[in-house]
Amino acid sequence: MTKRFSTAAHWGVYEAEPGIAGAPAVIRPLAGDPDPTQVANNLADVRDTRARITTPLVREGYLADGPDSREQRGREAFVPVSWDTALDLAAGALDDTRTRLGNQGIFGGSYGWASAGRFHHAQSQMKRFLNLAGGFTSSVNTYSSAAAEVIINHILGGGDMINAGCDWDEIHDNTELMVCFGGMPLKNAAIDPGSTGPHIDRPGWERCLKRGMEVVCVSPIRHEDDNRADIAWLSARPNSDVALMLGIVHWLDQHDRIDHDFLARCCVGGEQLLAYIRGESDGVAKSPAWASDITGLDAATITGLAERMATRKTLVVIAWALQRADHGEQPFWMAVALAALLGGLGKPGQGLGIGLGTFNNYGAGRLPFRNAAFPQGKRACDSYIPVSRLADMLLEPGTTIPYDGKQVTLPEIDMIWWAGGNPFHHHQDLHRLCTAFRQPGTVIVNDSFFQPTCRMADIVLPATTFLERNDWAASAHGGFFTPMHKLSEAHGEARNDHDIFAAMAKRLGFRDAFTEGRDEMGWIRHMWGITRDNARRAGRELPDFETFWHGGTLSLPVDNDSSGKLIRLRRDPEAHPLRTPSGKIELFSETIAGFGYDDCPGHPAWLEPHEWLGNEAAATRYPLHLMSDQPKGRLHSQLDPGSASQASKLRGREPVLINPDDAAARGIEDGDIVRLFNTRGAALGAAIVTERIRPGVINMATGSWFDAEDPGNADSLERHGNPNVLTRDRGCSSLSQGPSCNSALVQCEKFTGNLPPVEAFDIPLAG
Ligand SMILES: Nc1nc2c(c(=O)[nH]1)N[C@H]1C(S)=C(S)[C@@H](COP(=O)(O)OP(=O)(O)OC[C@H]3O[C@@H](n4cnc5c(=O)[nH]c(N)nc54)[C@H](O)[C@@H]3O)O[C@H]1N2
Ligand SMILES: Nc1nc2c(c(=O)[nH]1)N[C@H]1C(S)=C(S)[C@@H](COP(=O)(O)OP(=O)(O)OC[C@H]3O[C@@H](n4cnc5c(=O)[nH]c(N)nc54)[C@H](O)[C@@H]3O)O[C@H]1N2
Ligand SMILES: [Mo]
């Protein structure tokens, strides 16, 4: 059999030719991919980038003084050392920490996307190692959708229900009106966790528009793909969507357009919610006029939208971004309520499409069996935090916080190990995070590139990239499997994460338990075998490993069980209950009401964000609402030195979208370097003056590597354009404690100083 070479990334699947004799590998998007993404272009140039780590590195002060030098993190140069030196130091620190504090003193939550591939999954490798070493403090939920995961679990029964949606064929054949909260940012659909299949969203969307589907986008930003004359744009104030949805339902109620039959058969709590909307419970009717004050949209616009939604087969689409905000649970809960009250839930092409356009092929559903994951082993320690309470944990150990009906005591941490994530990308209020990272005795990071978390570490261990090892990938949506062939030799002294942790395990006396005697190909075959067995039990047949390994991308038909659950519920709620306490959709949740949280009552409600355009601070010092969306030219912070990412910048800085009114009031012109600031920090960016953003709102995408002149000092300048020096580090609410980056106020001015160089891509080497 002729071997076909292939590989996969979170942004696509690729046919490949290995790089022979040191030449770079050549990768081409899968034949027939209708919309391959430019994100892949970053790969070509980063192979030899100066930010690639070639040897283990130890921070100068740590090498000399160990943990006593912790205050110098982020300010010191690094010394190249041998693997033995680096791993001995790491093993010593780990042993010391667990002896003094117990294993919960080691933080291994290590959130992050790492790279595609089921075996070389950096986080799983690390967690298996730490579990065998006696355990670690872990984290729950994600930066992507923490608030949605928690609220949807309560009201639809099961976190998998955040996938309840429909595919483009179903939309094409049924949907008359699509109302997109968050618009349709198809740049995001380039990505899918674990790899993609063909990128089908843009053609799917265009097919529906061509057929005459009406679209209304509600968003402070108009994206490239929804900026068209045939798409209506309602540019509401950021974070005001719940008020808009309440105003719509108020109109539906007043005009007897609510599906009371569906409400009675398939939902609980409709009456409590309607009592709130009518103003019976708090004296305030949530009328379109009331919503107009909050959203900044005309009452007539809201009424007009309500009327169209009532008379057309309507699909409500909601972007994940809406829940990365103060009280982020509420827009998701209210979107479920809106779709339920309209009566479309459980009907083809109607109801709710959570996250359509957020990932490639999102509506397509999933396979009815589990892909094998690299086994993390038995959890040996029950200490955990809600994922985005990271800095709180490091700065306020011993504090108890509410979380989803429980009380979580933040543990004392003396060692952090991070593999496959970049908290100095994903966390909020990065200067505060610098202070937090200076608390524990030891910080270790595995990465291929010297991203900003490495700079804040003591020991940096160089990992291979996915191009340098064998693996296989499976898409999260749609049923695509791709063999990932090793296409280049390891760069410098880089090692696979598996080999790094196997060498650590050897030092701590459990190498065999860690490897189970398998090498790379042994594990890959083993994990394919488990997946094949799982598939067979679900009535699906996968090829044997050799056939799979020598073939290209494999595609299997998927089931959409999450939307199937809603279809079955609608048909016969007694026979097909949801996994909620009532078995029905919970528009009022006794469970949540029972928690007694002021910031998350028993039904969806309008709760004013701490920072938004309705605040006192907005009227005075910080009049602009900062949105920080996903970057078009890269995945988060990955491969930021690469060409697609660099091409998305202006003069090497992250673009800032600003409305012409706001620009003119500040003397800012297109292309000017600007300074964004608030009490938490200041960042440079490059202005793009455009009508595509609502006045009073600015947008800076995430992912430019954090590059502060003095990390930890909020008065120092971040030179590159990282919005997270400005965002607020607070949980959405007591319920989810999710990240709330999309509720932040800032000021913006023209930057007139000398433009400082960006230093983020230089590895500070001693000597
Ligand atoms: N303000 C603001 N902040 C946000 C968001 C926002 O919208 N606004 N979005 C949030 C969201 S949705 C997310 S998911 C997070 C993303 O946050 P992260 O997932 O932390 O971001 P990435 O840049 O993907 O970080 C992955 C890191 O893993 C490294 N890596 C890749 N492959 C490997 C490997 O095989 N081994 C090792 N050891 N390392 C590897 C990469 O080089 C990179 O440094 O950010 C969140 N932060
Ligand atoms: N190219 C690329 N694609 C990606 C990623 C990437 O890094 N690069 N990251 C992936 C990941 S991990 C995730 S989780 C998803 C995230 O997917 P999302 O969270 O949906 O993406 P964002 O780009 O943060 O936001 C989408 C849009 O929501 C709108 N929005 C923000 N706040 C509000 C609001 O309060 N109200 C309304 N009505 N609209 C609002 C803005 O128009 C914003 O552009 O994207 C994935 N796709
Ligand atoms: Mo995400």
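As a summary of the residue check, I258 satisfies the conditions (1) β-branched (V, I, T); (2) crowded, with 21+ Cβ neighbours inside 10 Å; (3) over 23 Å from H327 (Cα atoms) except for the one numbered (2). Note on the range 139-181: residues that are within 15 Å of G363 (Cβ to Cβ) and either β-branched (V, I, T) or near ligand 2 (Cβ under 8 Å from one of its atoms) (or both) total 3.
In the range 320-346, how many are of a type outside the set (F, W, Y), away from ligand 3 (no atom under 16 Å from the Cβ) and either modelled with pLDDT of 95 or more or touching a Gly at 6+ places or on another chain (Cβ under 8 Å) (or both)? The qualifying residues number 16. Kindly indicate the residue of the range 734-761 that is among the aliphatic types (A, V, I, L, M) and over 23 Å from L650 (Cα atoms) and also nearest to ligand 3 (Cβ to nearest atom) among those meeting that condition. Among those residues, the one meeting the criterion is A744. Being surrounded by 24 or more Cβ atoms within 10 Å (Cβ to Cβ), more than 19 Å from G328 (Cβ to Cβ), within 16 Å of ligand 1 (Cβ to nearest atom) and not hydrophobic (A, V, I, L, M, F, W, C) is a property that T175 lacks.
Residue pairs whose Cβ atoms lie under 6 Å apart, separated by 6 or more positions or on different chains, with the first residue in the range 456-471 and over 30 Å from V26 (Cβ atoms) and the second among the aromatic types (F, W, Y) and assigned to a strand (DSSP E or B), do not occur. Restricting attention to the range 618-631, the residues that are of a type in the set (D, E, K, R) and within 13 Å of ligand 1 (Cβ to nearest atom) add up to 1. Checking each residue in the range 141-168 for being closer than 30 Å to G398 by Cα, within 15 Å of ligand 3 (Cβ to nearest atom) and touching a residue at least 60 places away in the same chain (Cβ under 8 Å) picks out N141, T142, Y143, S144, S145, A146, A147, A148, E149.
Where in the range 610-729 are there strands (runs of 3 or more DSSP E), lying wholly inside it, with at least 3 residues that are within 16 Å of ligand 2 (Cβ to nearest atom)?
Numbers: elements: 624-627, 655-658, 673-678, 681-689, 697-700.
Per the criteria, 624-627, 655-658, 697-700.
For T400, state whether it is more than 16 Å from ligand 2 (Cβ to nearest atom) and either surrounded by fewer than 24 Cβ atoms within 10 Å (Cβ to Cβ) or within 30 Å of V39 (Cα to Cα) (or both).
On the way: more than 16 Å from ligand 2 (Cβ to nearest atom): yes; either surrounded by fewer than 24 Cβ atoms within 10 Å (Cβ to Cβ) or within 30 Å of V39 (Cα to Cα) (or both): yes.
Taking the combined requirement at face value, the residue satisfies it.
Among the residues of the range 420-471, which ones are among the basic types (K, R) and buried (at least 24 other Cβ atoms within 10 Å of the Cβ)?
Filtering the range 420-471 down to residues among the basic types (K, R) leaves 432, 438, 455, 469.
Across the range 420-471, the qualifying residues are R455, R469.
I'd like the full set of residues that are more than 12 Å from ligand 1 (Cβ to nearest atom), in a loop (DSSP other than H, G, I, E, B) and small (G, A, S), limited to the range 107-160. The answer is G108, A133, G134, G135, G158.
Scan the range 504-563 residue by residue and report those that are of a type in the set (D, E) and at positive phi. Quick ask: steps written out before the conclusion?
Taking the range 504-563 as the starting set, the residues that turn out to be of a type in the set (D, E) are 512, 516, 519-520, 533, 541, 544, 546, 559, 561.
Within the range 504-563, just E516 meets the criteria.
If the condition is being hydrophobic (A, V, I, L, M, F, W, C) and part of a strand (DSSP E or B), then the range 580-609 contributes only I585. Restricting G681, G671, G721 to those that are in contact with a strand residue (DSSP E or B) (Cβ under 7 Å, 6 or more places away or on another chain) and either more than 21 Å from A325 (Cα to Cα) or surrounded by fewer than 18 Cβ atoms within 10 Å (Cβ to Cβ) (or both) reduces the list to G671.
Give the residue that is nearest to I416 (Cα to Cα), with candidates limited to residues of the range 77-100 that are hydroxyl-bearing (S, T, Y) and part of a helix (DSSP H, G or I). Out of the qualifying residues, it is T97.
Is the range 190-198 home to any residue that is in contact with an Asp or Glu (Cβ under 6 Å, 6 or more places away or on another chain) and crowded, with 23+ Cβ neighbours inside 10 Å? No, the range 190-198 contains no residue that is in contact with an Asp or Glu (Cβ under 6 Å, 6 or more places away or on another chain) and crowded, with 23+ Cβ neighbours inside 10 Å. Scanning the range 648-672 for residues that are more than 25 Å from E611 (Cα to Cα) and more than 23 Å from the chain's Cα centre (by Cα) yields a count of 8.
The values are calculated or read from the model by the stated rules, or taken from the named source; none is laboratory data. What you see is a predicted model; the values in this text were computed from it and never measured. Positions of Cβ are backbone-derived with ideal geometry, glycine not excepted, and every protein chain shown enters the neighbour counts.
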